[in-house]
Structure formats: structure tokens, C-alpha cells
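None of the figures in this text is laboratory data; all of them are computed from the coordinates on show. Bear in mind the structure is a predicted one, so any value in this text is a computation, not a measurement. Here the Cβ positions follow ideal geometry from the backbone for every residue, glycine too, while neighbour counts run over all protein chains shown.
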Amino acid sequence: TLGTQTDYRDGEAQTDPYSPEYVVPSGSIPELLTLATLTWGRGLPAGLAEVEMIERAREKRAWEATLPAMDNASQIAKRRKMMDDMERKEWAFREQEIEKLQEVRLEVLKKLLWRREKNQSELDAKRLDDHWQNHQKAKEEKIKKIQHDCALMLRKLIAKRKNVMGKLERRDIIKEYTDFASQTYAPLSRIGYFPDNHSERYVVKNFYLNTFAGLCELEASLPDSVTQVKIKAPKPKYTTTKTGFIKRSARLEVELAQVHQALMEKKNKVKEPKKPLRFLEKVEKPVPRPPTPVLEKPSIEEEETELAVICLQKVLRGRAIQNMMFEGKEKRLELIQELRTTHALQEDGQLLLKAEEQMTLALQQQHDLQMHKLSLVEKHLAREEGRVLANILDFLSKELVRLQEERKIHAFVMLAERQRRMREAEESGRRQVEERRRREEDEIFKQAREGDCTIDSYLEDIILSSMENTAEEQAREEIQRMAVEINDVAYEMESRRTRLQSEEIVAELVYDFLIPEADKMSTREKVRQSQRKHIYAAHQIIHRGIE
């Protein structure tokens, strides 16, 4: 019922959008309530996935509305079929979602692997660069040491060549003093003379600066403006106007100063500890301080004289140092020239080293390119070899499986043929037994009818026939038992057979059946070709005669 207006946006005033309370009228189901599970940050604001989910929910509600009622068996079967189709579609959609998720994860994994390989390659390159830099530094140090040793040896050789015969020469004082590079002007430290020693002899010593009496005299000669400092108090700022009112800035400064003072007092306030009870102590009087010495004020003329003397000292000291540097440069002129030539040679050597370095880098790049090409060629060759070997092994494995299947089929055929023959033999035996029995019965009936045979002959015939039947049955049982044993032995040999034995059997089959058959076919073809000539000649003769 109330409205307000602020200077801030809604996004700055609250974190989640406001969802007002609602009341659903009875008998209505708004579609918006199906999205109650979506909250801010978890589905809202809606994106493409949420829109697709809403569309699928609408389609599912429309499909549920089209489902037939469960009134009879036909409607139930139709409803079950529609539900199965919908369930199959949902499973297919779920599989698509899983595949998309797996593709996204695979892409992320590929990026991580690529980033790891890139970081590893950068780290390897950095390590190689560091290693190369270390080797370069060591190489430069060795080159510098070799150049230093070379210059040292050259100087030694030049010194030896001056006196090849080893003659002793008398000291020439005039020559030493005329040559500024001689031991007189530039003695060597290995002889025991150090030119930097006794440097204090060149320092200008002043009576006024090194002694107390001189300092007192110098202080007395200084003017009063130097010893007595005059401090002028700063003028206060005008805090009032021309009419006599206090300015607002002055009032603010006074208030700020009072607040600052109060804060500092409160901050620096320390609780005073309670003083413990103590006995009376004797307060010793401090030792009286000595009187402060008073110096006489120097005059202006003495001060000017002192300044002139100080300026002259500075000029002399600088001139002396300049002369020392000039003399040292003249004495060591030959060494300076030698160092300049050495540096020039070093620059030429550095240019040569840079050229060699560039040549080495070019050769290394060319070698890397050749190695890359060779690796590509080897990779292609290995791929082709693997493909050919895979095809060959696949063909051989298929041929082996085919031969094994043929052997199994042949064994099954042989077993079936043997069982057929055994059954035929059994049937023929039964038929023969029946016929023999019928003949015997006919013969017995005939003999009994005719009365030509006696009871002994009749019993003898019965015993003989029974013995023959018993012997035949025993022989058949023995044959069946032997066949079963042979089958067991054959199966056991088949189970224990190794790959090498299988290959030997296959080779025997090839040599015993395929090769002879091929030879027979080639022989037949040769005979057919040889006969074809005679047949062709006979045809020619017959056709000529007919013509």
C-alpha cells in the first residue's frame, strides 16, 4: 500500500528477486506452478536448457491428456503400448544428454591435457635455455681466462726476446727517468712496492682544522651571524575579517584541534599504578654544572681571511690530485694502449662468436626439421606395416578357424555316418534274426508236421541257433564298447592338442588332400589339352568330308 523511491537499483538493494505469495483457486492448476522448483541462480533466469525442459513438460502433459482410459482390455493394451513408446523416447533423450555431458567432459579433459603439455613444454624449454645460458657463461669465462693467459704469455715472451743471450746490463738511470713506463715511475707490486701506500703524504694539513688552538682561533675569527642564530617568529594568520568576525575556517580549525587534542589525550592516557609504600630516602643534590665557556666574536676581516684560506686549500688539493692522475696516465700509457687493443680484439672475437652462434642455431633448426621429417616417414611406414600385418594375421586366424570348423564338421559327418551304418547293421541284424527265426519256426513246424526229425535233432538245432544268437550279440556289444573307447580317446586327443599340433594336422591335410587334388586337376587339364588337339583334328577331317 506504500511506495518508496531510492537512489539505488534493485540489484544493489537485494540478492534474490522477491516472490510474492499466491493463492490458487479451487479447480484450476496454473502452468506457472510447475516451475516452482526453479529459483534464482538454479534455473532462473531461464536459458536454452530450461526452455527445452519446459517444452518437454508441456509435450508430456499433452501426451498424458491423450492417453486412453482403462475401461477394457484393448484400451489397456493401447495405453501400455503408448507408455512403452514414451519410456523408450525418454531413455533415448537421456542417452543423448549423457552423450552431450560426456562430450563436454571430454573437451574439458582435452583442454586440460593440452594446457598441461603446453606448460610442460614451456618448462622444458626454460630448463634448456637455463642450461644453455650456464654453458655459455662457462664458455665465456674460459675464453676470458685463455685470453688473459695469452696476453700474459705474450708479455713474457716479449720480455724474454729483449734479452735472448741472457747478458747482464748495467742500470741506466737516465733511460729509466726518461721512460715513464720504467720501474722508477711504475714499480711492480711483486718487487715489494705498492704505489697506493703512503697516500697521506698528499693530503693537505691545516693548522686551523687539525689542532684545538687553531679551531679556537678560527672560531674567534668568525662573525657573530655564524655563532648566534636569530630566529624570527612567524606571523599568525589572520583569523578575523575586517569587520571583526571570526572566519568559519578558523572556527573549524579550532574545533578540529580541540577534538584531536581530546582524542590524543584519551589515547595516550595511561593508568597510573598505585605507588607502593616506601621509607624516607635521602635526596642527593646534583653536582653543579661547570660554567659555559664563552668565545670571543671574530671580526669580519678574520672571517674573510679564513674563507680565502679554505678556498686556496681546496684549489691546491684539487690541482695536486689532477697532477697525480695526469702523471699516472702518462706513466701507464703503454698499458692503456695494450688494453685498448685487447678490447678491440675481444670485440672482433665476439662478432665471430655471434656469427658461429647464428650458424649453429641454423644447423640445429635444419637438423630438427630433418629429424621431424624422418619421424613422420617412420610413423607412416609403421602405420602401413601394422595395417598389412593386421590384415595378414586376420586372414590367417580366419583360415585357421575355417579349417578347425571343417575338421569338426568332417568329424561330425564321420560320426553320423558311423552311427547310420551301426543302425543299419542293427536293423539288418534284427531283420536277419527275424527271418532266421521265421525260417526256423517254419522248419520246425514242417519237421514236426512231417515227423521226419527227432526230438534230439530238434533240441540240437535250438541250442545251435541260441549259441549263434548269443555270440552275435556279444560281438555287437564288444564292437560298440570299442567304438565308445575310440571316441573317448579321439576327444581326449582333441582337447590336449596344441596349436603346433593343429598346424601340423592342417599342413598334413593340405599336403594330403589339397595338393594332390591340385596335381590331379592340373594333370586332367594337361590330358584335356592334349586330347583337344586330336579332337580338333578329327573335327576338321569330318567337316571337310561333309563339305
Problem set entry | Ordering of 175-182, 23-30 by burial proxy (mean other Cβ atoms within 10 Å per residue, highest first) | 175-182, 23-30
Exercise. What is the distance, in nm, between label points placed 7 Å from the Cα along the Cα-to-Cβ direction at Phe212 and at Gln133?
Worked result: 6.1 nm
Problem set entry | Principal axis dimensions, the chain - Cα atoms, whole angstrom, descending | 199, 119, 92
Problem set entry | Potential extension, Gln258-Glu508 segment - 0.36 nm per residue separation minus Cα distance | 77.8 nm
Exercise. What's the FRET efficiency of Ser375 with Ala355 using the Cβ-Cβ distance as r and R₀ = 30 Å, to the nearest 0.05?
Worked result: 0.50
For this session: For Val108 paired with Glu296, estimate the spin-label separation in nm (one decimal), with each label point 7 Å from Cα along the Cα-to-Cβ line.
Result: 9.7 nm
Problem set entry | Virtual spin-label span in nm between Glu55 and Ile310, 7 Å along Cα→Cβ | 9.6 nm
For this session: Would you work out the charge dipole size for the chain about its Cα centre, treating the Cβ of every Lys and Arg as +1 and the Cβ of every Asp and Glu as -1, and quote it to the nearest 20 debye?
Result: 5420 debye
Problem set entry | Extension gain from Gln419 to Ser26, taking 0.36 nm per residue of separation minus the Cα-Cα distance | 133.1 nm
Problem set entry | Counting all C-alpha pairs of region 452-496, share separated by more than 18 Å (%) | 57 percent
For this session: Just the number, please: Stokes-Einstein D of region 368-464 in µm²/s, Kirkwood Rh from C-alpha pairs, 25 °C, 0.890 mPa s.
Result: 117 µm²/s
Problem set entry | MRE, 222 nm, helices only [DSSP H, n ≥ 4, -39500 (n - 2.57), over the chain, to nearest 500] | -26000 deg cm²/dmol
For this session: Return one quarter of the surface area of the convex hull spanned by the alpha-carbon atoms of region 301-342, equal to its mean projected area, in nm².
Result: 3.1 nm²
Exercise. What is region 413-544 by shape, rounded, prolate or oblate, if you read a ≥ b ≥ c off the alpha carbon gyration tensor as root eigenvalues and call it rounded for a/c under 1.5, prolate for a/b larger than b/c, and oblate otherwise?
Worked result: oblate
Problem set entry | Nearest-0.05 FRET efficiency for Gln228 and Lys266, computed from C-beta distance (R0 41 Å) | 0.45
Problem set entry | For region 513-528 and region 80-141, distance of Cα centres in Å | 64 Å
